[in-house]
Structure formats: C-alpha cells, structure tokens
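Worksheet: one structure, shown below.
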C-alpha cells in the first residue's frame with residue numbers, strides 16, 4: 001500500500017516525472033466535499049483527487065475516520081495524505097501542501113432565528129460561546145480570536161443539533177456543509193445565517209512529511225495536475241455538480 005508508493009512511485013518520479021502506485025487518503029465525512037454514498041467516496045474534493053490521481057498515474061485509496069484521528073495518522077505517517085483542510089503554520093510542520101487548493105470554503109456563523117446574537121463583525125462574538133468542530137481550522141482571524149469561548153463537537157452534524165437544542169447560541173460552519181446538513185436535518189426554517197463571513201479560503205489535500213521526498217513529489221504533481229484541471233474548466237464542472 002504505502003510502501004508501494006514510497007518505492008515504485010518515487011523511482012518513477014525521479015526517472016520520468018510521473019508517479020505510480022497506490023496512496024492512502026484519509027478524510028472525515030464532510031458533505032458535499034467528501035462523503036460515502038452507497039459504499040463509494042464522492043464529493044467536490046474527493047472527485048478532484050480522483051481526477052488528479054488519474055492524470056498522474058496513482059491509485060487513490062480512501063479511508064474515512066474522525067478528523068482528530070485522521071490528523072494524528074497522517075502526522076505519524078500511518079497514511080499518506082489527508083483532505084480537506086486549510087493551510088496553517090502548525091500543519092505545515094508535518095504536511096506538504098500543493099500550491100493549488102482543491103476547492104474553496106466559506107465559513108459562516110449561524111444562530112437560531114429570532115435570537116439576540118447578531119454577528120456583523122468578529123468582535124460581536126466577544127464573551128459568547130461558539131460551537132466549533134474539534135481540531136478544525138476556520139481561518140487565521142477566527143482561529144486566533146481570544147474573545148469567545150469555544151464549545152467543541154466531534155462533527156458538523158453535532159454542532160447543528162446542539163444549536164437546535166439551545167445548548168449553544170451560535171456556531172461557525174462551512175456554508176455548503178451547513179446548507180447540506182440543515183436541509184437533511186430539517187432545520188433550515190429555524191436557523192439564520194449571520195452576515196459576517198469568518199473566512200473564504202482554499203481547501204487542500206496534504207501529504208505526510210514522514211514519507212520524505214515521495215510526499216514532496218506528490219504535492220508537486222498535484223500542483224501541476226490541478227492547475228491543468230483548472231485551466232481546462234474541469235475543476236469548475238466538478239464543483240458545480242455539488243452546488
């Protein structure tokens with residue numbers, strides 16, 4: 001599995017500029033970016049990874065797991081890569097990131113309709129309790145904001161259920177994920193999206209630095225292939241299919 005990529009893939013990368021073999025990508029279910037449907041991994045970013053791997057001659061193997069475990073396993077080198085995530089200084093210590101992202105993420109604040117909290121700027125959250133997913137990054141501005149208390153959940157669905165049951169007054173969540181889950185849970189009519197946007201940034205796949213030059217080569221190959229998919233319009237088509 002990983003050993004095949006580390007040997008055959010690296011030799012081919014050095015000799016021909018191409019990669020081959022199998023690579024394991026871990027993820028947490030995060031529809032519409034990555035999720036399992038009928039035993040098949042689908043989603044905006046999952047489909048982008050499949051398209052890139054087809055171009056560079058790598059067979060992707062996907063493993064779903066909780067986000068905290070996914071980060072731990074890629075950091076320890078038990079798997080090859082992780083998606084989807086922001087770039088930040090802490091993650092760059094143990095991951096190689098391509099220069100181009102898979103897609104974009106807009107993080108928003110959501111409250112119950114008719115509530116007292118209105119979020120027009122970050123400081124409107126001062127002294128408030130905000131629901132977040134454990135180990136998620138929401139962009140530097142929010143990640144570094146010290147004025148609010150964070151209430152952690154294991155996943156985005158738990159966040160919405162806490163908000164529904166008045167256990168927390170406001171959550172931060174990806175806009176597309178919110179639209180998907182609120183509809184699924186029947187919560188759209190009782191919730192309100194606040195006007196302030198926490199972040200609007202690229203989301204990436206990243207490769208474990210424990211794999212050495214093979215991981216660096218894979219990140220470089222992804223940069224080139226994703227640039228080609230963007231130029232051809234295929235990236236926009238993949239994203240549009242899930243909007």
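Every number here is computed from the coordinates shown, using simple stated rules; none is lab data. None of the values given here were measured: they were computed from a predicted structure. Every residue, glycine as well, gets a Cβ built from its backbone with ideal geometry; the counts of neighbours run over all protein chains shown.
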Of all residues in the range 124-163, which are part of a loop (DSSP other than H, G, I, E, B), without any contact (Cβ under 8 Å) to a residue 40 or more places away in the chain and surrounded by 14 or more Cβ atoms within 10 Å (Cβ to Cβ)? 145, 148
Looking at the range 25-79, which of its residues are part of a loop (DSSP other than H, G, I, E, B), closer than 23 Å to residue 92 by Cβ and in contact with a strand residue (DSSP E or B) (Cβ under 9 Å, 6 or more places away or on another chain)? 28, 33, 65, 76, 77, 78, 79
So residue 242 passes all but one of these: (1) out of contact with any strand residue (DSSP E or B) (no Cβ under 7 Å at 6 or more places or on another chain); (2) farther than 18 Å from residue 113 by Cα; (3) assigned to a helix (DSSP H, G or I). Which condition number does it fail? (3)
